[in-house]
Amino acid sequence: MSTTNQRTESPGDDHPSIDASNEEERPNVADNIQSPSTSTCLVPVVNDVNSSISEVPQEQPKNLQELLRLSTMLQSRYNEGESDSSSRPSTTNSDREDFLRNALANLSIDVVSNLQEQLHILSEITDGNQPITNLERYENTFDRIIDHVYNIDMANVFYQIGGMKVIVPLLRHPVELIRWRAASIISECCQNNPYCKSHSLSDDLFSLLMNMALNNPDSNCQFKAISAISAIVGDNPEGIKQFKKHNGLKIVNHGLNSGNEKMIVKTAFLIMALCNTDPSMKDELLQIPIVENLLTLIRLTDTLSAEHLLGALLALIRNNEDAIKQCLRKELGVYAYLKQSISLTSNDESFQEYVTHANEFVQILSDYIASNEDMDVSTPEQSK
């Protein structure tokens, strides 16, 4: 099983900030690392390939990202040593590769055993009946799991060893932090991961996530539930079927009207996931006042967040005449608003994504107007 399989993540997923900058590419780990399913953790043992390479840090790598950082540091130190010809003989590329390979081969991480240990800890509280006297212990357990399932292969392993049998009951736990942490694990595992998506389609799971998104009084629980649903349905037609079955449009309306900026932005990403996965969802979304809601929020929201709302609306109008017509309703003044917005922000690099979306949006509207020359897209004020 390869450990190099990494993901991109949707902005806003499982992070306290709503900084939804462009998707972050997760680093690749060296191909010659032992498979985590058969190896085990801990302090690196570095063979003495060249005596000048020393002072290898003794902290234990807790996950694949730390392993990558360590391997990069070792390579850097090796290169620095190589440049000093007075202290050591010159070496070949093969020497450096052998050194790094030996270092990485000894960085064994028993991910499976560690995940099983964390699941055993969480299994203590799955029935939700016993009082929790040490909440920090369980928070740390969730953190350790997140550290591992950030990697796609490890997320798959987590599902294969029965992780969901422990996590799903925790969505019912009376402690809010336990509930949203459990939803966060599901969101992380399913992010761009077809295997985990396909094993996250049970009625029980969707019902729990839907209920959490709609009815939980804690906004963090709602946000994490929407994150998990968005991760499951993205590029997953079977997930869309479950979304429809459980009347998922309720959470779209709820999220956009929540007044919570994090939740609004996450709902925008859910809309994009729905439209891009199943274009027929556009017609269903148009049955709720989604165009008016998104346009109102775009006008009221800081432009750095508005770019994601505009991205959602853009996903809705692509190749959808009904959505285009709604956006061109005279009283909304969308065309004029976007043209003005572009002129105000086009020279500011921080608004580059917003301007890109706005330009595409205007082009789609312009093309439609050009093919329907009798349309009047001026605002009521402009018509006077």
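Which one is modelled with the lowest pLDDT, of the residues in the stretch 139-163 that are open to solvent by 30 Å² or more (accessible area, probe 1.4 Å) and not hydroxyl-bearing (Ser, Thr, Tyr)? Ranking the candidates gives ASP147 first.
Among helices (runs of 4 or more DSSP H) lying entirely in the stretch 301-356, which contain 2 or more residues that are β-branched (Val, Ile, Thr)? Give the steps one after another, and end with the answer.
Working: elements: 303-317, 321-327, 334-345.
Ranges flagged: 303-317, 334-345.
Put simply, of ILE185, ILE226 the only residue that is part of a helix (DSSP H, G or I), within 24 Å of VAL111 (Cα to Cα) and touching a Gly at 6+ places or on another chain (Cβ under 8 Å) is ILE185.
Within the stretch 280-312, the residues that satisfy the criterion of being loosely packed, with under 14 Cβ neighbours inside 10 Å and either within 14 Å of PHE243 (Cβ to Cβ) or under 22 Å from the mean Cα position of the chain (by Cα) (or both) are SER280, ASP302. Go through the stretch 117-138 residue by residue and tally those that are over 24 Å from the mean Cα position of the chain (by Cα) and either polar (S, T, N, Q) or open to solvent by less than 50 Å² (accessible area, probe 1.4 Å) (or both). Going through the stretch 117-138 one residue at a time, the tally reaches 10.
Yes/no per residue for (1) in a helix (DSSP H, G or I); (2) under 22 Å from PRO194 (Cα atoms); (3) acidic (Asp, Glu):
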site: LYS241; (1), (2), (3): yes, yes, no
site: LYS266; (1), (2), (3): yes, yes, no
site: MET272; (1), (2), (3): yes, yes, no
site: ILE288; (1), (2), (3): no, no, no
site: ASN293; (1), (2), (3): yes, no, no
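Taken over the stretch 266-317, the criterion of being within 13 Å of ALA358 (Cα to Cα) and of a type in the set (Asp, Glu) is satisfied by GLU307 alone. Would you pick out the residues in the stretch 171-182 that are aliphatic (A, V, I, L, M) and in a loop (DSSP other than H, G, I, E, B)? Those that are aliphatic (A, V, I, L, M) and in a loop (DSSP other than H, G, I, E, B): LEU171, VAL175. Here are some conditions: (1) crowded, with 23+ Cβ neighbours inside 10 Å; (2) on the phi > 0 side of the Ramachandran plot. ALA268 meets all but one. Which one does it not meet? Against the list (1) crowded, with 23+ Cβ neighbours inside 10 Å; (2) on the phi > 0 side of the Ramachandran plot, ALA268 comes up short only on (2).
Conditions tested, residue by residue: (1) surrounded by 24 or more Cβ atoms within 10 Å (Cβ to Cβ); (2) of a type in the set (Val, Ile, Thr); (3) without any contact (Cβ under 8 Å) to a residue 24 or more places away in the chain.
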position: VAL168; (1), (2), (3): no, yes, no
position: ARG181; (1), (2), (3): yes, no, no
position: PHE206; (1), (2), (3): no, no, no
position: ASP218; (1), (2), (3): no, no, no
position: GLY239; (1), (2), (3): yes, no, no
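The values are calculated or read from the model by the stated rules, or taken from the named source; none is laboratory data. These numbers come from a predicted model, not from an experiment. Cβ atoms come from the backbone with ideal geometry, glycine included; neighbour counts cover every protein chain shown. Just the protein is used for accessible areas: all its heavy atoms, side chains included, with ligands, DNA and RNA removed. Shrake-Rupley method; radii C 1.70, N 1.55, O 1.52, S 1.80 Å.
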